[in-house]
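The structure under discussion appears below in the form of structure tokens.
Just so it is clear, none of the values below were taken in a lab; they were calculated from the coordinates. All of these numbers come straight from a predicted model, not from anything done at the bench. Neighbour counts are summed over all protein chains in view; Cβ atoms, including those assigned to glycine, are modelled from backbone coordinates with ideal geometry.
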Amino acid sequence: MIRGVIIMNDQGKPRLIKFYEFQPPEKQQELVRSIYRVLCSRAENVSNFVKVDSLFGPDVRLVYKTFATLYFVFIFDKSENELAMIDLMQVFVETLNKCFREVCELDIVFNFYKVHTILDEIILGGQVLETSSEEVASAVDAISRSLPLPLSLCAYVCALVSSCEWVLRCNRHILVQLSLRVGKEWQFHDSIYSWLAEMIATELW
Amino acid sequence: MTGPSLMDSLFQRSIDDLIKALRLSPPGTETAFVAKAIDEIRREIKSTDPHTKAAALQKLTYLHSLHGLDMSWAAFHSVELSSSSAHSHKRTAYLSAALAFNPATTDVLLLLTHQLRKDLSSPNVHDVSLALSTLSSICNTDLARDLTPELFTLLISSKVTVRKKAIATVLRVFECYPDAVRVCFKRVVENLENSDLGILSAVVGLFCELTENEPRSYLPLAPEFYKILVDCKNNWVLIKVLKIFTKLAPLEPRLGKRVVEPICEIMKTMGAKSLVFECVRTILTSLSEHDSAVKLAVSKVREFLSEDDPNLKYLGLQALAIVAKKDILAVVENKDLVVKALSDSDLNIRLEALRLVMCMVSEDNVMEICRILISHALKSDPEFCNEILGFILLTCGRNYYEVIFYFDWYVLFLGEMARVPHCQKGDEIATQLIDIGMRVKDARSQLVHVARELVIDPALLGNPFMHAVLSAAAWVSGEYIKLSRNPFEIMEALLQPRTSLLSPSVRAIYIHSAFKVLMFCVHSYLKLNGEESLIPSTLTDSELVSDVEVDDHNMIATNGQAPSASSVTHHLTQESLLALVNLVEINLGPLAGSNEVEVLERSTNVLGLIKLIKPMILGSLNDSEGDQTNRELKASETVKLIFDSCSEDLGPVSVNAQEKVPIPNGLVLKENLDDLEEICGDIKLPVLTSFSLVRPQFAEVSNSAECQDKEESELSTESTSLLAEHRKRHGLYYLSPGNAVTVSNDYPPAHDPYGKAIVEDEDLAKLTEKSLVTGKKPIQSKPRPVVVKFDDGEVTNVVTNRTRIKADLISDAVNEVLLGDEATTSSSSRRKPPKSRRVTEDSNISIVKLVWEVANTMGMVKRGDVEPQARIKNMIAKTSIKVIVGCMVSTGRGTGRIKQWKLKHQSFLIFFYSNAFLTKILRSVVVINILVFFSHWNWLC
């Protein structure tokens, strides 16, 4: 069965930790650190398996894969097939890609709950449930539809900026200051940038 | 904190706010920020408004999961929120429970039972799924028992998602509450015939987990599994079914015959590598008696190994490792690829390949493989180099050097390994050097030769990783000095100025070896002079000396080497002996003031002995006074006694010897030494190996340098110039190692790492060309040397662990469902009774008793009132000291513990048992240490 799934970035910061047998939080952090130490020392284009006998006991294996800035790590025992685990990891990433449209690290950072929901549709109690990313994506969609629409990041920002709109009209300096601050704070969000640029352009005109 | 105000809930941070703020907080302030956030959460979570509460719990779960914060205090809030009607709140609550609840210790878990039951029978699919996934995470015995009926209903749910999730959850419920098997098992089995792939996959996965622990119970289901194997085309399902057959096939030979055909078919036709690999593994693990199938599997492995994908290569090597246990020929067929993998860029692959190469090692090819590996080690990175050395040492040392036929070659090879640049396996090499010395009598002369090369080379002293090897070499040189051709050069080497670079414990061994060499020379001199009148005829064990002589002659006869002992005696004149004694005296003199207890003790002993014997040597020039003769008589008697005590064989002792000794009356063994620490709170306990009063290193270096200067009347104090001096003076002894190797040796010489590293590629090719196993045994000109060993190896304890019992419980229930009652009895009777320990009488019992007695009597000796001479005599009085130490060496092995023996008269005897300590500190040294230690204790108490 699968013992755990971890997503962490290339700095060793965990983005998702799920163990299928209870582990105290300190132990989880410790495990993530030890795994990161092993992973970051490995060169590219080498095999994806790592021996983790010292961390999890004999017969437990670890497979990892790098996607952009993220390490995806699956920990499993001998009743799983190693190559099948790599395939499953691919399924997981594909599903994330479907659910977030071109997934990046920030999607996973800001969607803690959704990522857990996706993972729960693929693996339950360490058992593989579903191996088709379409099925998983549609199941997750069905769940999201049943939930009230959360205030999404984009909507939040738009509300913030539009509320400042009269300020824009009043004082160009304040506008510039604000745009800088907001820009800094939301630097990851391209749409805000373009929106602000547009605003500034019209205003200056 | 007061309850949350309206402002709090209005301006509550959402989880997104929290994440953003965490990302923006400057590095270093994160913990402070998190602490602040937790304070906020503690306030908000008490809110009666479910939105506020849910938001707080969301944040807390996030911090718990990714920042490792404790949230056990909020367990009740999770339970509370789980009853919320809003699905999003429920989701938050259940996820926090799944991530943070500890099934064994969270006590509010039981409060969740009702809510889970409600959600499991809810018409909303999402609620049911959520409850199932939570249950599988936090299941404990109580929850499993209480929710089994709901789960039972869900097992025939019409909704596919629910049903497969229920099946996956059943596994956890079975594990926690085996009685659930009696209720649910039939329905689970029925699902095996379901046409839906999702359900089939879940149920096959469940059986795969169940068979892992106790396969026999599931044999009756084999026809169903067989049907799936033949009919199903889904890779995931097939992989799991293959895993099940891997477990079932060994139990029922007929089953193996049935499944081997379809498995081979799958392997031939299916493209998915994961499935093919699973087929290969199944065949190699469980169907290895079907030759054609194995052949096919090995050919598939070969395909894997030739692929570029490192994962396939790695798995291919692992598959070969499975075959290697049963059929080494299959590995040998692929040895070209295995050896090629040895130079792969991936460390994993290299290690696997190395392991396989070591599997191929046999008596016939060990020399060749080792030679190739060591040249490989020389050009590898330090990490892999040490892996290689470690593997070689492990393989060659396995089962009392099973694969080694030519010990002379192996001993040479050990010396060579020690000189590999990145070698960090000094401890292991040292252990084997000493071990071979004790176990293999025939290897000793070569061992002494190798030790000489190591000890004599001043360059090695600068490498701290070499010190362990050097200490072993020094010990060997001292212990088997009678086999050495030139004790004088050994003495020079043991006292060379650069020994000041050694750690005190190693230096102590050097000094002690020098002591043994000195004893040997003096004794030989006395014997040579043939003054029978000097040696009292009353001595009983004079036959021992003749034994030694016989040994020497044997050795000469077998090895065709130059006579050793006799050549020594030819050079032994009064002048040369006197020069030797003076050399020792001058070199050790300054060490009598050393701060290191080890060094000080030993040098004082040697100096005391010199004081005793010097007049005798001088006196034999002009023996006129009767009084003088009397003293000489005494001195030579002492020398004889010491030499005898040194020249008895130090054999290995069984690991279990200590256990066979009954604990003497009046002995209280303590579990730990806590109260000892109390007693000597302000005094540093004299840890024997590194007892030091001041920073010793520099003082000592300059000390010895000074003395050396005086001796050689040189001005320079630098060790390099000293070394040059030393070389000049004793240039004779720095011969190139090649010259010393006897030409008449009929073993292939050990590989010279520097010379042959270039032709390494050819070696690889040669290894691949030459058959490793099928080759005929070389004509062995002489029988393999005897290796002393004990037949009672380690006693293995039978451990029954909890999972085993649990698995038995499940399988009992399964048997009951599938077969009826009679099966359960057979399954319980299958359990083997625990192995009883073999207790055999061993002569070592008396030895260990002796340790006790010696220690007991010595307990009364105070440090101040014993002269070194008297102390040595005292020591010699205990005739079997060497045996004691042999015993301690063996009992110390592996235990590494300190045991405290409290005596009646309130003094403590503490034995520092540790492998490192006891293999180095040998024989009388231990007794002296006990003495020192006792004097400390008497003083303390």
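Summing Cβ point charges (Lys, Arg +1; Asp, Glu -1) relative to the Cα centre of the stretch B:412-514 gives a dipole of roughly 140 debye. Residues whose amide H comes within less than 5 Å of that of A:Lys78, counting only those at least five positions distant or on another chain, are absent (H built at 1.01 Å from N in the peptide plane).
When the alpha carbon gyration tensor of the stretch A:27-108 is reduced to an equivalent ellipsoid, the three semi-axes, largest first, read 22, 15, 12 Å.
Ordered by the count of other Cβ atoms within 10 Å of each Cβ, fewest first, B:Ser201, B:Ser78, A:Ser146, A:Ser41 give A:Ser41, A:Ser146, B:Ser201, B:Ser78. When the square roots of the Cα gyration tensor eigenvalues are ordered a ≥ b ≥ c, the ratio a/c for the stretch A:63-146 is 1.5 or more and a/b does not exceed b/c, which makes its shape oblate. The fewest-to-most ranking of B:Lys379, B:Lys482, B:Lys165, B:Lys527 by surrounding Cβ atoms within 10 Å reads B:Lys379, B:Lys527, B:Lys482, B:Lys165. Charge dipole (Cα centre; +1 on Lys/Arg Cβ, -1 on Asp/Glu Cβ; no other charges) of the stretch A:74-128 amounts to roughly 140 debye. Could you tell me which of rounded, prolate or oblate describes the stretch B:348-437, using a ≥ b ≥ c as the square roots of the eigenvalues of the alpha-carbon gyration tensor, with rounded for a/c under 1.5 and, failing that, prolate when a/b is larger than b/c and oblate otherwise? Judged from the Cα gyration tensor, the stretch B:348-437 comes out oblate (a/c at least 1.5, b/c at or above a/b).
Between A:Asp53 and A:Asn9, the contour length at 0.36 nm per residue exceeds the alpha carbon distance by 13.5 nm. R0 = 41 Å: FRET efficiency of B:Ala321 with A:Thr69, Cβ-based, nearest 0.05? E(calc), rounded to 0.05, equals 0.70.
Shape class of the stretch A:1-71 from the alpha-carbon gyration tensor: oblate, with a/c at 1.5 or above and b/c at least as large as a/b. Summing Cβ point charges (Lys, Arg +1; Asp, Glu -1) relative to the Cα centre of the stretch B:227-349 gives a dipole of roughly 480 debye. For the stretch B:153-266, the Cα gyration tensor yields ellipsoid semi-axes of 24, 17, 10 Å (square root of five times each eigenvalue, largest first, whole Å).
In this calculation the C-beta distance from B:Lys118 to B:Lys257 is compared with R0 = 45 Å, giving a FRET efficiency of 0.30. In this structure, B:Asn582 and B:Lys634 have a Cβ-Cβ separation that, at R0 = 25 Å, corresponds to a calculated FRET efficiency of about 0.70.
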